[in-house]
Amino acid sequence: MKHRERVLQAKMDRILEAEEQGTYSKKKRNRVVMRFMNNRLSLVGLVVFAIILLMSIGAPLFTHYDPLKISLKEVLQSPSGKHIFGTDKLGRDVFARVLYGGRISILVGFGSALGAAFIGVVLGTLGGYKGGVFDKCVMRLSEVFMSFPQIILVLLLVSMVGQSMGNLIMIFILTGWGGIYRMTRSKMLSIKQEEYVQALKAFDVNPWLICFKHMLPNALGPILVNITLSTAMFILQEASLSFLGLGVPLQIATWGNVLNAANDLQVLKSYWWLWLPVGIVISLFVLSINFIGDGLRDSSDPSQMG
Amino acid sequence: MVSYIIRRLLTLIPMLLIMTFLIFLGLEMTPGDAVSFLAGPEAMANMTQEQLAALRESMGLNDSFLVRYFRWLGNMCKGDFGYSLTSGVPIKTIIAERLPATLELSLAALLISTILGTILGLLSAMKRDQPVDRILTVAGMVGVSIPEFFFGLVFLLVFSINLGWFPVGGRLRPEYTVYWDHMKNLFLPSIVLGLSMTAGVMRYTRSSMLDTINKDYVKTARSKGLPEWRINLLHGFRVALAPVVVLVGFRLPMLIGGSVVIEQIFQWPGIGNEFLQAVRSQNYPLVMMIALLSVFMVLLASFLIDIITALLDPRVQLD
Amino acid sequence: MQDEVLVSVKNLKTFFYQSGRCNKAVNGVSFDIKKGKTLCVVGESGCGKSVTASSILQLLPQQARIEKGSEIVYHKDGKDIHIENLERNGKEMRSLRGGDIAMIFQDPMTSLNPVYTIGWQIGEMLQYHSDLTKKERRAKEIELLQAMGIPLAEQRIDEYPFEFSGGMRQRAMIAMAMSCNPKVLIADEPTTALDVTIQAQVFDLILKLKHDYHMSIMLITHDMGVVAELADEVVVMYMGNVVEKGTLDDVFRNPLHPYTRALLKSIPVLGKGREQNLQPIRGVTPDSLHRPPGCQFGPRCDFFKKGVCDGGLPAEKWVSETHMVSCFNHEES
């Protein structure tokens with residue numbers, strides 16, 4: 001306590017001196033960019049995110065192995081110069097599976113986030129602006145969807161329609177639009193009170209224009225943040241589902257599917273390279289997305305002090 | 001307060017009805033003969049086609065949709081949930097056997113995460129921008145980023161398999177005599193299940209607390225000559241808690257859903273595990289019933305959370 | 001007969017430190033709060049009057065500091081307590097807060113804790129500054145509300161702030177502040193957030209406090225009308241300094257500082273009719289981080305003299321025993 005006090009006093013004295021002598025910093029900086037730059041975590045997040053993304057997209061550049069190629073002669077080899085992450089039970093190169101798997105996982109995650117955002121934003125904007133029966137119905141509908149634990153609803157639907165990548169994205173969108181719908185709707189409700197909207201209405205401007213050209217851009221900040229964080233959420237969900245064997249069909253390499261091997265206690269104990277690297281990659285990727293999302297939120301939030 | 005409770009209950013009931021309706025719809029849409037899960041497998045095995053047709057008639061399976069729906073609803077209220085497609089065991093029995101384990105796990109996770117989360121969040125806010133705060137903030141972000149099951153796998157490996165501090169999965173062992181004996185089985189899974197909730201609660205408590213500390217009434221409290229601890233706890237923390245409780249309410253479905261995966265990893269004999277098997281074997285009656293049950297749990301828990309929020313912040317009762 | 005001085009503030013400097021800059025919110029303010037008298041501190045928003053009030057009870061945020069050389073002395077039972085030397089939230093300071101010097105704030109809606117009943121909040125005060133039992137506290141709470149003119153006090157005790165009306169909330173705040181018989185009441189713009197009709201009620205209450213309890217009151221306001229109603233003495237502040245101070249008569253009948261004069265000319269006076277010539281003060285209040293050199297009012301002053309008024313801050317000049325002005329123009333006369 002005492003030490004902290006003294007440090008604080010000393011800092012104040014320094015600032016006072018600088019003020020009296022006119023040596024304080026006079027530069028005017030662009031607040032938003034500066035804050036983002038200063039947020040080291042966001043920067044680190046951005047870098048890690050870019051690395052993983054680029055390596056996945058450009059997978060052929062980083063590995064010459066085919067993620068699906070079975071090679072029964074090279075089963076369960078531990079990491080070596082030849083196979084950076086070793087091989088799995090069917091002799092497939094794990095590193096290649098992680099790289100190519102990334103493509104699918106990220107695609108599913110981002111695609112679902114975009115789809116859910118699209119539906120959520122459209123419904124939220126219309127509902128928030130128009131109100132009435134339409135809004136109440138959609139609100140009820142979202143409550144219904146959100147009362148289910150998401151994974152249970154997803155699994156329920158999977159059991160009904162079967163596993164495929166397309167199905168999975170559809171199901172994710174169907175179960176995930178609720179959150180962004182709510183957020184958009186509440187933003188719209190508050191923007192609706194603003195005077196410029198009243199003015200537009202008074203001038204009898206087309207409601208569609210009012211909604212999408214004038215009101216929506218003001219809500220874009222949080223929407224983008226939401227898409228970012230939703231992507232992370234969907235990637236985690238896909239991983240969980242595939243880990244259970246109920247996500248993307250096991251033939252296709254995804255991060256979750258690779259982790260599926262860890263279902264076996266034996267693998268857990270003895271063949272760590274089959275699941276540990278993948279898990280770390282997923283964690284790093286999602287972590288970096290969260291850092292970026294956080295940074296976006298911090299720098300676009302006007303209530304924060306610079 | 002009482003009127004608030006009644007109002008909340010009244011909004012709950014239509015929701016429950018809608019849910020049952022949807023589940024019934026789902027049951028109707030899935031393949032499978034309704035007789036088999038309504039009558040039980042032994043009955044099925046011993047019947048001819050005519051007898052089955054007659055049975056269908058007598059069970060009213062040829063009646064209209066709505067009639068069947070209400071009959072099904074009525075049956076449920078009497079405790080008849082139908083039969084499992086694969087094993088023929090009455091679903092009621094399955095649920096009765098397995099629900100307590102899941103409840104135990106979920107409650108433990110909820111308790112740990114809210115208590116730990118709020119305390120850490122409070123600490124983080126009080127020591128803002130100091131090393132403790134920064135570490136906790138990053139830890140929080142890591143907590144929401146690592147897939148829960150991965151975390152579970154690592155913990156299982158390190159603490160159960162390698163270090164041997166905890167049993168490797170399962171819930172009860174023959175040698176357990178008292179209830180508390182299996183606490184060491186409960187420990188790991190509940191920590192893992194509560195992980196993401198803990199991180200979320202911690203972050204939200206921190207930001208809620210920082211918000212509250214700057215409020216005018218805190219300054220008023222200080223001007224009354226009250227000690228700092230009282231100001232922070234009774235005027236700051238207490239008010240900051242209400243939004244956090246609301247957040248917990250929002251995240252409850254995730255906690256209940258998370259048990260599906262966690263029970264798998266730790267071989268915990270609960271409803272989640274059962275659900276997974278049912279999905280894998282397309283045991284629709286069981287799938288639907290457990291889904292309905294989970295929704296019911298979510299709605300009930302939300303209701304309780306609303307009451308707690310109203311107790312913490314009386315302004316809530318206004319709406 | 002000299003009035004007994006309860007609180008003497010000498011050369012108070014409170015600086016705010018943020019983003020590497022130092023904001024001299026209060027830059028050398030002196031005045032006395034006398035027993036049974038009402039001192040009104042008046043000035044524009046941002047002139048530092050609220051900070052001055054908060055400094056007296058050391059209710060400042062972490063990044064603010066009462067600078068060396070400032071003196072805040074509370075005279076109690078013949079002893080001089082140097083508030084500026086007390087530990088910010090230490091035992092002595094806390095005992096003074098509420099027990100000797102109480103404070104009420106601008107917006108009673110946000111200044112009262114929304115989740116506790118009014119009775120509970122008043123009771124807190126009694127718990128820490130008196131030895132009453134729970135029952136006695138409750139009786140006292142009801143008594144206080146009644147004294148402040150709140151009807152149905154026994155019922156109101158168990159209600160929450162949001163169930164009160166604006167005027168009643170402020171009365172409840174005042175009741176809370178008065179609960180432990182403080183010698184000094186600091187009121188920071190107590191009526192700014194209220195309707196005009198309610199304002200009148202609260203002022204009547206404050207007048208009653210003055211007459212019935214012989215309270216020493218320090219009233220912060222930006223409203224000259226309020227000053228005319230309630231003040232015995234007036235302190236006029238601008239940009240962290242006192243530009244003029246004196247009795248109500250001194251300042252209103254014989255304003256010496258150009259700022260005081262401009263202030264008085266810019267407000268309508270009830271009764272003077274429609275033909276009043278209102279003149280706004282030209283220019284804008286400077287940013288506290290980009291101050292003009294010398295006298296802070298210089299750029300907006302009709303009597304600005306280059307070379308004199310931008311050289312440094314003017315000294316205090318006592319025109320009479322009670323009347324002080326801080327202006328280069330008056331140093332000559």
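Observations, loosely collected:
- Residue within segment B:170-193 that is small (Gly, Ala, Ser) and in a helix (DSSP H, G or I) present: yes
- Among residues that are without any contact (Cβ under 8 Å) to a residue 40 or more places away in the chain and at the interface with another protein chain (Cβ under 9 Å from one of its Cβ atoms), residue C:128 is included.
- Applying a threshold of 7 Å to beta carbon distances and a minimum spacing of six or more residues, or different chains, the list of pairs starting in segment B:104-120 at a residue that is touching a residue at least 60 places away in the same chain (Cβ under 8 Å) and farther than 22 Å from residue B:237 by Cα and ending at one that is β-branched (Val, Ile, Thr) and in a helix (DSSP H, G or I) reads B:106/B:256.
Listed here are the residues, each with its yes/no results for (1) within 14 Å of chain A (Cβ to nearest Cβ); (2) in contact with a strand residue (DSSP E or B) (Cβ under 7 Å, 6 or more places away or on another chain); (3) surrounded by fewer than 22 Cβ atoms within 10 Å (Cβ to Cβ); (4) of a type outside the set (A, V, I, L, M, F, W, C).
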position	(1), (2), (3), (4)
B:87	no, no, yes, yes
B:99	no, no, yes, no
B:102	yes, no, no, yes
B:108	no, no, yes, no
B:121	no, no, no, yes
B:129	yes, no, yes, yes
B:140	yes, no, no, yes
B:150	yes, no, no, no
B:159	yes, no, yes, no
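- Flag for residue A:164 being closer than 21 Å to residue A:113 by Cα, among the small types (Gly, Ala, Ser) and more than 12 Å from chain B (Cβ to nearest Cβ): yes
- Looking across B:83, B:69, one residue alone is touching a Phe, Trp or Tyr at 6+ places or on another chain (Cβ under 8 Å), touching a residue at least 60 places away in the same chain (Cβ under 8 Å) and surrounded by 16 or more Cβ atoms within 10 Å (Cβ to Cβ). It is B:83.
- Restricting attention to segment B:281-305 and to residues that are facing chain A (nearest Cβ under 7 Å) and over 10 Å from residue A:156 (Cα atoms), the residue that is surrounded by the fewest Cβ atoms within 10 Å (Cβ to Cβ) turns out to be B:299.
- Which listed residue is farther than 23 Å from residue C:174 by Cβ, charged (D, E, K, R) and touching a Lys or Arg at 6+ places or on another chain (Cβ under 9 Å), from C:124, C:44, C:67: C:67
- Residue tally, condition surrounded by fewer than 18 Cβ atoms within 10 Å (Cβ to Cβ) and within 26 Å of residue C:245 (Cβ to Cβ), over segment C:175-203: 2
- Every pair of residues 6+ apart whose Cβ atoms lie under 8 Å, when the first sits in segment B:165-176 and is at positive phi while the second is part of a loop (DSSP other than H, G, I, E, B) and modelled with pLDDT of 75 or more: B:169/B:266; B:169/B:267; B:169/B:268; B:170/B:266; B:170/B:267; B:170/B:268; B:170/B:269
- Scanning segment B:223-238 for residues that are of a type outside the set (S, T, N, Q), surrounded by fewer than 23 Cβ atoms within 10 Å (Cβ to Cβ) and part of a helix (DSSP H, G or I) turns up B:228, B:229, B:230, B:231, B:233, B:234, B:237, B:238.
- One residue stands out in segment C:1-46 among those that are without any contact (Cβ under 8 Å) to a residue 24 or more places away in the chain and either away from chain A (no Cβ under 14 Å) or closer than 22 Å to residue C:312 by Cβ (or both): the one that is surrounded by the fewest Cβ atoms within 10 Å (Cβ to Cβ), namely C:1.
- Check on residue B:256, in contact (Cβ under 8 Å) with a residue 24 or more places away in the chain, more than 8 Å from chain A (Cβ to nearest Cβ) and under 16 Å from the mean Cα position of the chain (by Cα): no
- Boolean, residue A:173 is in contact (Cβ under 8 Å) with a residue 24 or more places away in the chain, within 12 Å of chain B (Cβ to nearest Cβ) and part of a helix (DSSP H, G or I): no
- Elements of type helices (runs of 4 or more DSSP H) contained in segment C:238-333, each with 1 or more residues being touching an Asp or Glu at 6+ places or on another chain (Cβ under 8 Å) and at pLDDT 85 or above: C:248-253, C:258-266
- Residue in segment A:144-151 that is away from chain B (no Cβ under 12 Å) and crowded, with 24+ Cβ neighbours inside 10 Å present: no
- Odd one out for residue C:247, checked against (1) of a type in the set (Val, Ile, Thr); (2) closer than 27 Å to residue C:173 by Cβ; (3) more than 15 Å from the chain's Cα centre (by Cα): (2)
- Condition met for residue B:222 (among the charged types (D, E, K, R), within 14 Å of residue B:125 (Cα to Cα) and modelled with pLDDT of 90 or more): no
Here is a yes/no grid of residues against (1) more than 14 Å from chain B (Cβ to nearest Cβ); (2) closer than 25 Å to residue C:167 by Cβ; (3) surrounded by 21 or more Cβ atoms within 10 Å (Cβ to Cβ):
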residue: C:48; (1), (2), (3): yes, no, yes
residue: C:66; (1), (2), (3): yes, no, yes
residue: C:90; (1), (2), (3): no, no, no
residue: C:105; (1), (2), (3): no, yes, yes
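- Filter result (more than 14 Å from chain C (Cβ to nearest Cβ) and within 30 Å of residue C:101 (Cβ to Cβ)) within segment B:184-226: B:209
- Among residues of segment C:78-98 that are closer than 20 Å to residue C:29 by Cα, those with a Cβ under 7 angstrom from a residue that is part of a helix (DSSP H, G or I), sequence gap 6+ or separate chain, pair up as C:83/C:56; C:86/C:92; C:86/C:93.
- The set of residues in segment A:67-84 that are within 14 Å of residue A:97 (Cα to Cα) and without any contact (Cβ under 8 Å) to a residue 60 or more places away in the chain comprises A:69, A:70, A:71, A:83, A:84.
- Enumeration of residues in segment A:243-278 that are crowded, with 24+ Cβ neighbours inside 10 Å and either under 13 Å from residue A:109 (Cα atoms) or among the aromatic types (Phe, Trp, Tyr) (or both): A:243, A:247, A:248, A:254, A:255, A:256, A:275
- Residues considered: B:271, B:308, B:265. Of these, the only one that is more than 8 Å from every other protein chain (Cβ to nearest Cβ), among the β-branched types (Val, Ile, Thr), more than 30 Å from residue C:185 (Cβ to Cβ) and surrounded by fewer than 20 Cβ atoms within 10 Å (Cβ to Cβ) is B:308.
- Qualifying residue in segment B:227-237 (condition: on the phi < 0 side of the Ramachandran plot, of a type in the set (D, E, K, R), touching a residue at least 60 places away in the same chain (Cβ under 8 Å) and in contact with a helix residue (DSSP H, G or I) (Cβ under 9 Å, 6 or more places away or on another chain)): no
- Set B:248, B:239: member being more than 9 Å from chain C (Cβ to nearest Cβ), within 34 Å of the chain's Cα centre (by Cα) and among the β-branched types (Val, Ile, Thr): B:248
The values are calculated or read from the model by the stated rules, or taken from the named source; none is laboratory data. On a predicted model such as this, the values are computed, not experimentally measured, just so you know. Here Cβ is always computed from backbone atoms with ideal geometry, including for glycine, and neighbour counts include all displayed protein chains.
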